[in-house]
C-alpha cells in the first residue's frame, strides 16, 4: 500500500450519528486489509472519542469534526468538538470499586482511549477540545 488514505467528516449532534464514523472506519480498514481485531480496537477508540465529543459539543456549534488518516501500519484519529473545553488533568481516574456500588457507571472513556492507544493527546480550550489518537495496526 502506498500513500495513507484520509477521510474527513463533520457529524451533527443527532442520535447514533457516531455509527457513520464507524462505517467509514470499517470501509477504510477493509480496503487496507486490516485485521478484525485491530478494526475492533480502532472502532472502540472512534466510538468513545465521537460520543464524548458529541456530548460536550455545546449548543452554539453542535457538530463534531472527525478525521482518519490510515495506512496499513497505523491510523491517526482526530476528533474535535466546539464546546467550552475542560482541563484534562482535572479528570479523575475512575475507580471500579466505587462505580460498582452506584447507578453512575460512566466516566471510563478517557481511560479506555488511553489504554487502547499507542499515542493519545488532548488539547482543550474555550473554543473546544481536540483528541488525537495514534493506533498501530500491526
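The values are calculated or read from the model by the stated rules, or taken from the named source; none is laboratory data. The model shown is predicted, which means the values in this text are computed figures rather than measured ones. Positions of Cβ are generated from backbone atoms using ideal geometry, with glycine treated the same way; all protein chains shown enter the neighbour counts.
For the range 92-138, give me the residue count where each residue is assigned to a helix (DSSP H, G or I) and either more than 19 Å from the chain's Cα centre (by Cα) or at pLDDT 80 or above (or both).
10
Just checking, how many residues over the range 63-79 are more than 19 Å from residue 5 (Cβ to Cβ) and either part of a helix (DSSP H, G or I) or in contact with a helix residue (DSSP H, G or I) (Cβ under 8 Å, 6 or more places away or on another chain) (or both)? It would help to see each step written out before you state the result.
Here is the first cut: in the range 63-79, the residues more than 19 Å from residue 5 (Cβ to Cβ) are 63-64.
So of that shortlist, the ones also either part of a helix (DSSP H, G or I) or in contact with a helix residue (DSSP H, G or I) (Cβ under 8 Å, 6 or more places away or on another chain) (or both) come out as 64.
Qualifying residue count, the range 63-79: 1.
Inspect all residues belonging to the range 36-56 and state whether any of them is part of a loop (DSSP other than H, G, I, E, B), more than 17 Å from the chain's Cα centre (by Cα) and either at pLDDT 95 or above or closer than 21 Å to residue 138 by Cα (or both). No. In the range 1-22, the qualifying residues are those that are over 24 Å from residue 134 (Cβ atoms), free of Cβ contacts under 8 Å to residues at least 12 places away in the same chain and over 15 Å from the mean Cα position of the chain (by Cα), and the one that is surrounded by the most Cβ atoms within 10 Å (Cβ to Cβ) is 14.
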